[in-house]
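These notes are about the structure you will find just below.
The values are calculated or read from the model by the stated rules, or taken from the named source; none is laboratory data. Just so it is clear, the structure is predicted and the values come from calculations on it, not from any experiment. Glycine gets a Cβ as well: all are built from the backbone with ideal geometry, and neighbour counts include every protein chain shown.
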Amino acid sequence: MINFFRHIRQTLIMENKTVSSADRASQEALVEAQASAKAGKYFKYAIGEIVLVVIGILIALQINNWNEARKQHIEETALLRTMRTDFEIKNKQLLEEYGYNKKLHDLSSQFIMSQLNHQKDTFAMEEVLFFGDYFPVSTHINSLDVALEGNRVNIFRSDSLVDMLRKLKADFVNLEIDKAYLDEFWTSNLIPYFQESGLSIHRFTLIQKGIVPSTEILNRIDMYEFANRISDIVSVEFLWLKKQEIILEDINTIMRMIEVELKR
């Protein structure tokens, strides 16, 4: 900076050689003042350039963020619409499966209570052969898995929706665990009993051929023992049904939340 001022001063001195020696001191002071003024202008110009560059960078970043947010919103909307369709289908399917399992559970519970109370309730053979039975529940929703995959969940603006999706996924996993327990109990306990009591072949003809066996077959069966055999699995089914009810409630909640997000 000192060299800069010296250069300006020397230039001005050379341009003003005719100046008298008496005015030389005042002339040099004037040169110094002019040099300082020019330096101030250059400094302000440099600051202005820096400010313009910074503003340009900030504008570019803002535009980039806006574009990213716009792309994310488009992706979120597309996924929400897919989820809305999938959840509507799954809700209908689960309602049907729940209704069937609830009916089987209620019949089995009624049978168990009749044996505990030594009642002579009459059950149709097609009901007896399905005591303790259950219908598999489908727990897969493709768009749910897609939504929770990796960092994709970050596209959702609603944290509450994300929490509900994660809860639903966890509930599905727990439902599958209960289903595995029911399968194991049925395989290790009820199937051997049906084979020993001679009911397996009648279950086969009823399921495969629609042939309802005679009620006289029940005379060879200890009904109290039968009720005792299915009581454990019916108890698990009760909890299993409660979890299905919670899942149905959560799905309806999620569908309402999806509608809200699509209107944002």
Filter segment 129-149 for residues that are small (Gly, Ala, Ser) and crowded, with 21+ Cβ neighbours inside 10 Å; which is farthest from TYR193 (Cα to Cα)? ALA147
Qualifying position, being in contact (Cβ under 8 Å) with a residue 60 or more places away in the chain, outside any helix (DSSP H, G or I) and out of contact with any Cys (no Cβ under 7 Å at 6 or more places or on another chain), among PHE131, PHE111: PHE131
Would you check if there is a residue in segment 169-189 being aromatic (Phe, Trp, Tyr), within 22 Å of the chain's Cα centre (by Cα) and within 30 Å of ASN142 (Cβ to Cβ)? yes
Within the set of pairs 6+ apart or on separate chains, which have a first residue in segment 232-261 that is over 23 Å from MET113 (Cβ atoms), a second that is of a type in the set (Ser, Thr, Tyr) and crowded, with 17+ Cβ neighbours inside 10 Å, and C-beta atoms under 8 Å apart? LEU248/TYR98
Among the listed residues LEU129, LEU95, LEU61, LEU104, which satisfies the condition of being farther than 30 Å from GLU261 by Cβ and within 33 Å of the chain's Cα centre (by Cα)? LEU104
Among the candidates ARG264, ARG256, residue that is at pLDDT below 90 and either under 16 Å from MET83 (Cα atoms) or not in a helix (DSSP H, G or I) (or both): ARG264
Return the only residue of ASN228, ASN189, ASN154, ASN219 being in contact with a Lys or Arg (Cβ under 9 Å, 6 or more places away or on another chain) and either in a helix (DSSP H, G or I) or surrounded by 14 or more Cβ atoms within 10 Å (Cβ to Cβ) (or both). ASN189
Of the residues in segment 192-216, how many are in a helix (DSSP H, G or I) and either polar (S, T, N, Q) or touching a residue at least 12 places away in the same chain (Cβ under 8 Å) (or both)? 10
